[in-house]
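The values are calculated or read from the model by the stated rules, or taken from the named source; none is laboratory data. Source: prediction; values computed, not measured. So basically every Cβ, Gly included, is an ideal-geometry build from the backbone, and we count neighbours across all protein chains shown. These area figures cover heavy atoms from the full protein model, side chains too; ligands, DNA and RNA do not enter into them. Shrake-Rupley method; radii C 1.70, N 1.55, O 1.52, S 1.80 Å.
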Amino acid sequence: MTQTVAVLGTGKIGEALLSGMIRAGWPTAHLLVTTRRADRAEELHTRYGVETVGNAEAAKRADTLILAVKPQDMGRLLDELAPHVTTDRLVVSAAAGITTAFIEERLAAGTPVVRVMPNTPVLVDEGMSVISAGSHATGDHLAHTEEIFGGVGKTLRVPESQQDAATALSGSGPAYFYFLVEAMTDAGILLGLPRAQAHDLIVQAAIGAAVMLRDSGEHPVKLREAVTSPAGTTISAIRELENHGVRAALIAALEAARDRSRELATGNG
């Protein structure tokens, strides 16, 4: 933790990483942040005691640069950084759909680049960050990236060819659960429950089910079957889900998300 890390584009995800590193024991003296707005810079400095600098200054001083900007802003940011990034720096991208090749082409030849797809539960230290190495990134670079992102949840290494699929499944994944909770809440209201009670019942069911999936090691089919008694309420509901093609709709939705990630990678934003 003696290296200096700069978070460029300190929005919600960038701030979550920053706070996670601080909680993990990273000295604030070795952390830099950049942001577009002066009031935001002052807010981050007040809240965390970190130094706020410009993008070029961050590139000159930091050993690791975490690019936490929107995909459509990445090209412009790299143009600004390129004159100042040397090959002894590690560049970590947390922008959806941006490939390591896209970044490598715009920086000095041989610059190590790591691609990461975090999801929004990093905001509550329950995120999943999917990590892939670029052409020049080593095992040490990947381990360093895991150290950073491990402060806000779990990490998983995958080949970059699987990043679009991981984005569809994990990066966008929380939204699917929120959508499901929203629909189930409406169903609870239709069945006669007050909205607040329906919400509490569903959220606790989701938390409990997720913990059982994580901690039991059981296949989801086995856990579902444990709730599904013959001629009971659950099997009646499952039949309707199958009749309405929910499983097929989920598969199609994830394929659409994967395809959109590929489009973003080609610059079709």
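So the values come out like this:
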read-out: Close pairs (6 angstrom Cβ cut-off, 6 or more residues apart or separate chains): β-branched (Val, Ile, Thr) in segment 213-231, open to solvent by less than 100 Å² (accessible area, probe 1.4 Å) anywhere; value: VAL227/THR234; THR228/THR234; THR228/ILE235
read-out: Answer from ASP140, ASP73, ASP88 - the residue that is open to solvent by 50 Å² or more (accessible area, probe 1.4 Å) and within 25 Å of GLU51 (Cα to Cα); value: ASP88
read-out: Among (1) of a type outside the set (Asp, Glu); (2) surrounded by 20 or more Cβ atoms within 10 Å (Cβ to Cβ); (3) over 24 Å from the mean Cα position of the chain (by Cα) - the single one PRO83 does not satisfy; value: (2)
read-out: So ASP79, is it among the charged types (D, E, K, R) and within 28 Å of LEU264 (Cβ to Cβ); value: yes
read-out: Where a residue in segment 7-36 is more than 18 Å from ASN119 (Cβ to Cβ) and part of a loop (DSSP other than H, G, I, E, B) and its partner, wherever it lies, is open to solvent by less than 10 Å² (accessible area, probe 1.4 Å) and not hydrophobic (A, V, I, L, M, F, W, C), with Cβ under 6 Å and at least six apart; value: THR35/THR10
read-out: Helices (runs of 4 or more DSSP H) fully within segment 178-269 counting 1 or more residues that are open to solvent by 100 Å² or more (accessible area, probe 1.4 Å) and under 29 Å from ALA95 (Cα atoms); value: 195-216, 246-265
read-out: Lone qualifier among LEU90, LEU81, LEU67, LEU77 - being in contact with a Pro (Cβ under 6 Å, 6 or more places away or on another chain) and either in contact (Cβ under 8 Å) with a residue 40 or more places away in the chain or within 16 Å of LEU8 (Cα to Cα) (or both); value: LEU90
read-out: Verdict on ILE148 being surrounded by 20 or more Cβ atoms within 10 Å (Cβ to Cβ) and either touching a Phe, Trp or Tyr at 6+ places or on another chain (Cβ under 9 Å) or at pLDDT below 95 (or both); value: yes
read-out: Flag for MET184 being in contact with a Leu (Cβ under 7 Å, 6 or more places away or on another chain) and at pLDDT 95 or above; value: no
read-out: Failed condition for VAL124, given (1) under 30 Å from PHE177 (Cβ atoms); (2) open to solvent by less than 30 Å² (accessible area, probe 1.4 Å); value: (2)
read-out: Leading residue by the ranking (most open to solvent (accessible area, probe 1.4 Å)) among those in segment 91-112 that are over 24 Å from LEU18 (Cβ atoms) and of a type outside the set (D, E, K, R); value: ALA109
read-out: Test result for ALA41, surrounded by 17 or more Cβ atoms within 10 Å (Cβ to Cβ), farther than 23 Å from LEU142 by Cα and not aromatic (Phe, Trp, Tyr); value: yes
read-out: Extreme residue, most open to solvent (accessible area, probe 1.4 Å), among residues of segment 44-70 that are under 19 Å from ALA29 (Cβ atoms) and among the polar types (S, T, N, Q); value: THR46
read-out: Of all residues making up segment 15-38, the number that are open to solvent by 30 Å² or more (accessible area, probe 1.4 Å), touching a Phe, Trp or Tyr at 6+ places or on another chain (Cβ under 8 Å) and under 11 Å from VAL5 (Cα atoms); value: 1
